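Contents: one structure, followed by commentary.
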Amino acid sequence: MPAGTLYRGREGMWSWVAHRVTGVLIFFFLFVHVLDTALVRVSPEAYDDVVATYKTPIVAVMEYGLVAAILFHALNGLRVVAVDFWSKGPKYQKQMLWTVMSIWIVLMAGAIYPVLGHAARELFGS
Amino acid sequence: MSADTSSAVDPVEGVSLYDVDNPAPVIEPPRKRTKKTPKSTRTNFELYGWLFMRLSGVVLVVLVLGHLLIQLVLDGGVSKVGFAFVAGRWASPFWQGWDLLMLWLAMLHGANGLRTVINDYAERPKTRFWLKNLLYAATVFTVLLGTLVIFTFDPNIR
């Protein structure tokens, strides 16, 4: 590790680490996602073939992970904006992180059926 | 401050060495931008980058979560996505504009984020240089490709 990056730990540091990791993951997905969408300019078959792999159970699990990363990055990003622009933001940054995590858990629970339902039907029959 | 300005320092602090005829030497502010300042810190680029991350981030929350809702949740989730579905959505200038704005903001937001990560962890100047050039090339390529696809989409390609 480069020198001078030791931070103070706890909620502030770990949310910062998670924000970085999810951000990098989302960026790499976005790059691939623009490439796969570009196949609509090749032929309908080429596009549908690639999208068919997106509908397999294993990719459905990865999609659930992508949703998890995006939801965390979005909610924590709003928290960062509040810390920077709201006068009481720094004081309540921990409470805001727990709010973020609560909303994240609720949304992730709500995403189980829409995102993973079709994979479960394929694996276990409907 | 007293009206008597012959001394720059209050009597409590001692006698001043300087007066109107013998002014104190000017000390340059430590962060003043001069000709010797490296090019990269002569502008407010980093300030605008910081601001852009927050502004684009707020807009992206709406655009991306809306996108996820449409693609993965509503109307059968990912199962309904296919060429015909794309053709149906891009028939509307509203969704074309939505996707175009989302593409540009997300790519620039992500590229600036990765630039920060490279600046933080890649220590050797050569490594930094090449990683950032690779990042910029990939970003320009992806943004241009995506823009081209949105504008030249042809539902009757076959």
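Which condition breaks for residue B:70 when tested against (1) closer than 17 Å to residue A:111 by Cα; (2) among the hydrophobic types (A, V, I, L, M, F, W, C); (3) within 11 Å of another protein chain (Cβ to nearest Cβ)?
It fails just one condition, (3).
Being of a type in the set (Gly, Ala, Ser) and free of Cβ contacts under 8 Å to residues at least 12 places away in the same chain is the filter; apply it to the stretch A:106-116 and report the residue that is surrounded by the fewest Cβ atoms within 10 Å (Cβ to Cβ). Even if it seems obvious, please write down each step before you answer.
Here is the first cut: in the stretch A:106-116, the ones of a type in the set (Gly, Ala, Ser) are A:109-111.
Remaining after also requiring free of Cβ contacts under 8 Å to residues at least 12 places away in the same chain: A:109-110.
Values: A:109: 9, A:110: 11.
Among those that are of a type in the set (Gly, Ala, Ser) and free of Cβ contacts under 8 Å to residues at least 12 places away in the same chain, it is A:109.
Looking at the structure I just gave you, is residue A:17 crowded, with 18+ Cβ neighbours inside 10 Å and either more than 10 Å from chain B (Cβ to nearest Cβ) or modelled with pLDDT of 95 or more (or both)?
On the way: crowded, with 18+ Cβ neighbours inside 10 Å: no; either more than 10 Å from chain B (Cβ to nearest Cβ) or modelled with pLDDT of 95 or more (or both): yes.
No; evaluated as a whole, the condition is false for this residue.
Is it fair to say residue B:92 is farther than 27 Å from residue A:22 by Cα and among the hydroxyl-bearing types (Ser, Thr, Tyr)?
On the way: farther than 27 Å from residue A:22 by Cα: yes; among the hydroxyl-bearing types (Ser, Thr, Tyr): yes.
Criteria met by residue B:92.
Just checking, how many residues over the stretch A:86-97 are of a type outside the set (D, E, K, R) and in contact (Cβ under 8 Å) with a residue 12 or more places away in the chain?
Our first condition is that a residue be of a type outside the set (D, E, K, R); within the stretch A:86-97, this holds for A:86-87, A:89-90, A:92-93, A:95-97.
Next cut, in contact (Cβ under 8 Å) with a residue 12 or more places away in the chain only: A:93, A:96-97.
Of the residues in that region, 3 qualify.
Conditions tested, residue by residue: (1) more than 10 Å from chain B (Cβ to nearest Cβ); (2) crowded, with 18+ Cβ neighbours inside 10 Å.
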{"residue": "A:33", "(1), (2)": "no, no"}
{"residue": "A:50", "(1), (2)": "yes, no"}
{"residue": "A:53", "(1), (2)": "yes, no"}
{"residue": "A:68", "(1), (2)": "yes, no"}
{"residue": "A:75", "(1), (2)": "no, yes"}
{"residue": "A:80", "(1), (2)": "no, yes"}
{"residue": "A:87", "(1), (2)": "yes, no"}
{"residue": "A:90", "(1), (2)": "yes, no"}
{"residue": "A:104", "(1), (2)": "yes, no"}
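Name every residue in the stretch B:109-142 that is of a type in the set (A, V, I, L, M, F, W, C) and away from chain A (no Cβ under 11 Å), in order of residue number.
Step one: filter the stretch B:109-142 for residues of a type in the set (A, V, I, L, M, F, W, C), giving B:111, B:114, B:117-118, B:122, B:129-131, B:134-135, B:137-138, B:140-141.
Hits for the stretch B:109-142 are B:129, B:130, B:131, B:134, B:137, B:140.
Just one of the numbered conditions (1) within 13 Å of the chain's Cα centre (by Cα); (2) farther than 25 Å from residue A:24 by Cβ is not true of residue A:119; which one?
(1)
Tell me which residues, restricted to the stretch B:143-158, are over 17 Å from residue A:31 (Cα atoms) and within 7 Å of chain A (Cβ to nearest Cβ).
Initial filter on the stretch B:143-158 (over 17 Å from residue A:31 (Cα atoms)): B:151-158.
The answer is B:152, B:153, B:157, B:158.
Please indicate, with yes or no, whether at least one residue in the stretch B:83-105 is within 10 Å of chain A (Cβ to nearest Cβ) and in contact with an Asp or Glu (Cβ under 8 Å, 6 or more places away or on another chain).
For the stretch B:83-105, residues within 10 Å of chain A (Cβ to nearest Cβ) and in contact with an Asp or Glu (Cβ under 8 Å, 6 or more places away or on another chain): present.
Are any residues in the stretch B:124-139 over 15 Å from residue A:33 (Cα atoms) and of a type outside the set (Ser, Thr, Tyr), and if so, which ones? Give the steps one after another, and end with the answer.
Applying the first criterion (over 15 Å from residue A:33 (Cα atoms)) to the stretch B:124-139 yields B:124-137.
If the condition is that a residue be over 15 Å from residue A:33 (Cα atoms) and of a type outside the set (Ser, Thr, Tyr), then B:124, B:125, B:126, B:128, B:129, B:130, B:131, B:132, B:133, B:134, B:135, B:137 are the ones that fit.
Residue-wise test of (1) at pLDDT 80 or above; (2) over 30 Å from residue B:99 (Cβ atoms); (3) assigned to a loop (DSSP other than H, G, I, E, B); (4) not hydrophobic (A, V, I, L, M, F, W, C).
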residue	(1), (2), (3), (4)
B:22	yes, yes, yes, yes
B:26	yes, yes, yes, no
B:30	no, yes, yes, yes
B:34	no, yes, yes, yes
B:47	yes, no, no, no
B:50	yes, no, no, no
B:53	yes, no, no, no
B:56	yes, no, no, yes
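Which of the residues spanning the stretch B:20-67 are acidic (Asp, Glu) and either in contact with a helix residue (DSSP H, G or I) (Cβ under 6 Å, 6 or more places away or on another chain) or closer than 13 Å to residue B:112 by Cβ (or both)?
The one that is acidic (Asp, Glu) and either in contact with a helix residue (DSSP H, G or I) (Cβ under 6 Å, 6 or more places away or on another chain) or closer than 13 Å to residue B:112 by Cβ (or both): B:46.
The values are calculated or read from the model by the stated rules, or taken from the named source; none is laboratory data. Because the structure is a prediction, the values reported are computed rather than measured. We place every Cβ from the backbone using ideal geometry, glycine too, and count neighbours over all the protein chains shown.
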